[in-house]
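J.: Handing you a structure now.
The values are calculated or read from the model by the stated rules, or taken from the named source; none is laboratory data. If you're wondering where the values come from, they're calculated on a predicted model, not measured in any experiment. Here Cβ is always computed from backbone atoms with ideal geometry, including for glycine, and neighbour counts include all displayed protein chains.
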Amino acid sequence: MSNLKTTIGLEIHVQLKTKSKMFCRCDNDAEGKVPNTTICPVCLGMPGVLPVANEQAIIWTIKTGLVLNCEINKIAKFDRKHYFYPDLPKGYQISQFDEPFCVGGYLDVEGHKIRLNRIHLEEDAGKLIHCDGESLVDLNRAGTPLMEIVTEPDIESAVEAGKFLRTLQKIVRDVAAVSEASMEKGHLRCDANISVSDENGKMSEIVEIKNLNSFKFVEKALLIEEGKLKDKYPDWPENIRKETHGYDSKKNITYIQRVKEEAADYRYFPEPDLPPIDSSIFDLAKLKEELNDSEEMIVNKLVSNGIAEPEAKSLAANKAKLNLFYEISKSFDDNSLIAKSIVHNYFNREIDQKDMSFAKEYAEALADLKKEKISKAMFSKISESVYRDNIKYADSLAKNGGEQMQDDNELERVIGLILSENSAEVDRYNSGQKQLIGFFVGEVMKKTAGKANPGAASALLKKLLDN
Ligand code: ZN
Ligand code: MN
């Protein structure tokens, strides 16, 4: 029982963020649009129309293939994949059968190489909306370019499937920058295949789970299926069947949709209206140069610029924080201090939605913190108002009581006053209650409205009290 091995393969559909659709000039951004308004005779599948392939979508698919170590097919072509569905008016989907743009390749997940089978390009179908016993068709999404990434069955656990997807999301969103890749919004959709086998090669049925739209759901659904298949051992069916299951995230259960006895016959044939594409027309070296750094590369760069690894990782994992770091570093040169202040500051969690115009003011506050012109507490207050209310550093400084006290004579005067007002505490301190130093520092901070440097106050207090 413990020697059962889990095998998982994934098929991921990635919606490309091109301006126009895959084979026509319609707006590719259907989000929030009135149904059936971003459509034309081409994406409606009217007779007699001619598709024209979107060059940007092809280039982006090849770019993704380059990041994922694929071989770029010299000649690629589009094919018609036939099936009937109410949201597919043509009766076929333009996809790629035997000559996709990218073949092979792999993605490294924590040292484990997950091989890829292929990456091909195709068009999305429309959407069915079911309400009040009626089904309505919205074709705004019909014709949206989809990149389909198919792995080999190299994934060994539900957790690893989740890690694969999270890494892939960063690649298409940040490195190749071809998709917004939000799973919630359906830019990234995942079908998973899972089977279990024993050490003699006896294998369970293959279960395919369709349309998983969050990383958590992928992991949960796979865990459920893995458990079910293992529980059935050794009573697996003789003929290896393929079952399609759905996942109900509210109930956290999977349910059977259909049993496949044989592979569906889509009657693929070459799309007669689109010529094969010779990929040598694209400058692959240039496409490679255009790729953004991976998270790993960013971390390495930050570390070599004097930032500690934990902060470097935190910055690299969040684009908004990283942008803020670069913005601030334009006007302040202590990288390590900038990184620490971004990673450990109060706005850590809300920075995502913010524009970066406050960065310059923030840099000024950091510079004064470094020169000890303002205390840490004062810096927190000021940088927060600079960030939240978008006000100038100088104004916030004035509002919060100005710079830290620089005048030692003034500090000594204040301390003298406090000691004379608190003679009982001074006696207790002198009789051995040294912890009262905290009380005196507190009094100094109160009296100076937070402008004294607590370190300097503490040192001066000790000097005066201990002599
Ligand atoms: Zn159209
Ligand atoms: Mn597909």
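J.: Scan (1) at pLDDT below 90; (2) assigned to a helix (DSSP H, G or I) for the single condition Gly402 breaks and write down its number.
T.: (2)
J.: How many of the residues in segment 417-442 are out of contact with any helix residue (DSSP H, G or I) (no Cβ under 7 Å at 6 or more places or on another chain) and touching a residue at least 40 places away in the same chain (Cβ under 8 Å)?
T.: The total comes to 0.
J.: Same structure again: With (1) away from ligand 1 (no atom under 16 Å from the Cβ); (2) in contact (Cβ under 8 Å) with a residue 12 or more places away in the chain; (3) hydrophobic (A, V, I, L, M, F, W, C); (4) out of contact with any Cys (no Cβ under 8 Å at 6 or more places or on another chain) as the list, and Val103 as the residue in question, which single condition is left unmet?
T.: (4)
J.: A further question follows. In segment 54-65, is there at least one residue being within 14 Å of ligand 1 (Cβ to nearest atom), touching a strand residue (DSSP E or B) at 6+ places or on another chain (Cβ under 8 Å) and in a loop (DSSP other than H, G, I, E, B)?
T.: Checking segment 54-65: at least one residue is within 14 Å of ligand 1 (Cβ to nearest atom), touching a strand residue (DSSP E or B) at 6+ places or on another chain (Cβ under 8 Å) and in a loop (DSSP other than H, G, I, E, B).
J.: Can you name the condition, by its number, that Arg118 falls short on among (1) in contact with a Pro (Cβ under 6 Å, 6 or more places away or on another chain); (2) more than 16 Å from ligand 2 (Cβ to nearest atom)?
T.: The one condition Arg118 does not meet is (2).
J.: Can you name every residue in segment 217-249 that is assigned to a loop (DSSP other than H, G, I, E, B) and within 27 Å of the chain's Cα centre (by Cα)?
T.: Correct list: Ser249 only.
J.: How many residues, within segment 68-98, are more than 25 Å from Arg141 (Cα to Cα) and either buried (at least 16 other Cβ atoms within 10 Å of the Cβ) or among the hydroxyl-bearing types (Ser, Thr, Tyr) (or both)? If you could, list the steps in order and put the result at the bottom.
T.: So in segment 68-98, the residues more than 25 Å from Arg141 (Cα to Cα) come out as 68-75, 98.
Still in the running and either buried (at least 16 other Cβ atoms within 10 Å of the Cβ) or among the hydroxyl-bearing types (Ser, Thr, Tyr) (or both): 68, 70, 72-73.
Residues meeting the conditions: 4.
J.: Shifting gears a bit: Test Val159 against the criterion of being more than 28 Å from Cys26 (Cα to Cα) and assigned to a helix (DSSP H, G or I), and give yes or no. Spell out how you get there, then give the answer.
T.: On the way: more than 28 Å from Cys26 (Cα to Cα): yes; assigned to a helix (DSSP H, G or I): yes.
Yes, satisfied.
J.: Still on this structure, please answer the following. Could you pull out the residue among Asp333, Asp278, Asp352, Asp273 that is out of contact with any helix residue (DSSP H, G or I) (no Cβ under 6 Å at 6 or more places or on another chain), modelled with pLDDT under 95 and on the phi < 0 side of the Ramachandran plot? Steps first, answer last, please.
T.: Details: Asp278 fails: modelled with pLDDT under 95; Asp352 fails: out of contact with any helix residue (DSSP H, G or I) (no Cβ under 6 Å at 6 or more places or on another chain); Asp273 fails: modelled with pLDDT under 95.
Exactly one residue qualifies, and that residue is Asp333.
J.: Follow-up. Give the number of residues within segment 413-461 that are charged (D, E, K, R) and either surrounded by 14 or more Cβ atoms within 10 Å (Cβ to Cβ) or touching a Ser or Thr at 6+ places or on another chain (Cβ under 7 Å) (or both). Can you show your working first?
T.: Going through segment 413-461, the residues charged (D, E, K, R) turn out to be 413, 421, 425, 427-428, 434, 443, 446-447, 451.
If we keep only those that are either surrounded by 14 or more Cβ atoms within 10 Å (Cβ to Cβ) or touching a Ser or Thr at 6+ places or on another chain (Cβ under 7 Å) (or both) too, we end up with 425, 428, 443, 447, 451.
Adding up the residues that qualify gives 5.
J.: Is it the case that segment 6-13 has a residue that's over 22 Å from Asp191 (Cβ atoms) and in contact with a strand residue (DSSP E or B) (Cβ under 9 Å, 6 or more places away or on another chain)? Lay out the reasoning, then the answer.
T.: Going through segment 6-13, the residues over 22 Å from Asp191 (Cβ atoms) turn out to be none.
The answer is no; no qualifying residue exists.
J.: Right, next: Give segment 121-147 a look and list any residue that's in contact (Cβ under 8 Å) with a residue 12 or more places away in the chain, more than 15 Å from ligand 2 (Cβ to nearest atom) and outside any loop (DSSP other than H, G, I, E, B), or say none.
T.: Keep residues of segment 121-147 that are in contact (Cβ under 8 Å) with a residue 12 or more places away in the chain, which gives 121-129, 135-147.
Subsequent filtering for residues that are more than 15 Å from ligand 2 (Cβ to nearest atom) retains 127-129, 135-140.
Of everything in segment 121-147, those that are in contact (Cβ under 8 Å) with a residue 12 or more places away in the chain, more than 15 Å from ligand 2 (Cβ to nearest atom) and outside any loop (DSSP other than H, G, I, E, B) turn out to be Lys127, Leu128, Ile129, Ser135, Leu136, Val137, Asp138.
J.: From the list Ala177, Ala181, pick out the single residue that is aliphatic (A, V, I, L, M) and either crowded, with 19+ Cβ neighbours inside 10 Å or over 20 Å from the mean Cα position of the chain (by Cα) (or both). It would help to see each step written out before you state the result.
T.: Working: Ala177 fails: either crowded, with 19+ Cβ neighbours inside 10 Å or over 20 Å from the mean Cα position of the chain (by Cα) (or both).
Unique residue meeting the criteria: Ala181.
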